[in-house]
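Quick notes on the structure that follows.
The values are calculated or read from the model by the stated rules, or taken from the named source; none is laboratory data. This is a predicted model, so every value here is computed, not measured. All Cβ positions, glycine included, derive from the backbone under ideal geometry; neighbour counts span all protein chains shown. Side chains are part of the model used for accessible areas, which takes the heavy atoms of the whole protein and leaves out ligands, DNA and RNA. Shrake-Rupley method; radii C 1.70, N 1.55, O 1.52, S 1.80 Å.
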Amino acid sequence: MDEMIQKILNIIPNSSHSESSIRAVLNRLSSFGYLPIEADSWELSFVMLSVENQIKNSCNTTSIPEGLYNVAADMTCGEFLLNRKNSGR
């Protein structure tokens, strides 16, 4: 899991996401019964950036407020799993 976190951090270096927020997303996906693999890194990074932008735009701020990190993790998981379902994977 640590390698995957590092890979995601390398893909999205200038985002509001930290190692702990990425770990929260990966753990949340695991709690839903989906075990993320390294090949998911790019797609997860894309969804994380998308969710980050949605939250920042809604809050009119330049970073995700600390109180919304759990919301961001849930939104990321929801979009990621919906994308997987819609693409038949």
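The figures follow:
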read-out: Solvent-accessible area, 1.4 Å probe, carbon plus sulfur percent, for the chain; value: 52
read-out: Average Cα contact separation per residue, the chain, under 8 Å, 6 or more apart, as relative contact order %; value: 33
read-out: Charge dipole (debye, nearest 20) of the chain; +1 at Cβ of Lys and Arg, -1 at Cβ of Asp and Glu; value: 240
read-out: Net lengthening on full extension, N70/L9 (0.36 nm per residue, minus Cα-Cα); value: 20.1 nm
read-out: Most positive-pole-ward Cα, L44, N83, S21, against dipole of the range 18-89 from beta carbon charges; value: N83
read-out: Environment charge of F80, counting only residues whose C-beta is closer than 9 Å and scoring Lys/Arg +1, Asp/Glu -1; value: -2
read-out: Global geometry of the chain, whether rounded, prolate or oblate, following the gyration tensor of its Cα atoms and the 1.5 cut on a/c; value: prolate
read-out: Pairwise FRET efficiency - S20 versus L81, Cβ, R0 = 22 Å, nearest 0.05; value: 0.55
read-out: Acute angle (nearest 10 degrees) that the helix 19-31 long axis makes with the longest principal axis of the chain, alpha-carbon atoms; value: 40
read-out: Distance (nanometres) between label positions extended 7 Å along Cα→Cβ at D2 and T61; value: 3.1
read-out: Per residue accessible area of the chain, 1.4 Å probe, in Å²; value: 60
